[in-house]
Amino acid sequence: MPALTAEQLVHKKCVPCEGGVPKLSAVEAKRQVAKLSGWKLTHRGKRIRKDWLVKDFAAGMKFLDKVGKLAEKEWHHPDLHLEGFRKVWIEISTHAIGGLSENDFILAAKIERLPVTLKSSK
């Protein structure tokens, strides 16, 4: 798979996957994650993750609610975390194949477009 820009990815739709789709190679995953701001490979290249420091607990919950609605619309569900009342982190992978697929990067690019109230850097 050639690496797509975030702008190209947001115009695509996640495709339901029950397995049988090949995982992205390590090289493909590295190239693709480099096109997304702030996302990194984790779990030996089997997941992507991004962290946010939000204004407060309510801002974190509001953001995660938006992510949840997007995930339902895309039928691709990330792991969502809110810890310490303002640290939000999201991990995405294609569980059915035990690694990364194009769907993961489509969802990450779409998450990037969601509004989030970050903690101010005073």
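Each value in this text was obtained by applying a stated rule to the coordinates, not by laboratory testing. It should be emphasised that the depicted structure is a prediction, and the values quoted were computed from it without experimental measurement. Glycine gets a Cβ as well: all are built from the backbone with ideal geometry, and neighbour counts include every protein chain shown.
The table below gives the values:
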quantity: Flag for Phe57 being of a type in the set (Phe, Trp, Tyr) and touching a residue at least 40 places away in the same chain (Cβ under 8 Å); calculated: no
quantity: Count of region 76-122 residues which are more than 16 Å from the chain's Cα centre (by Cα) and crowded, with 16+ Cβ neighbours inside 10 Å; calculated: 2
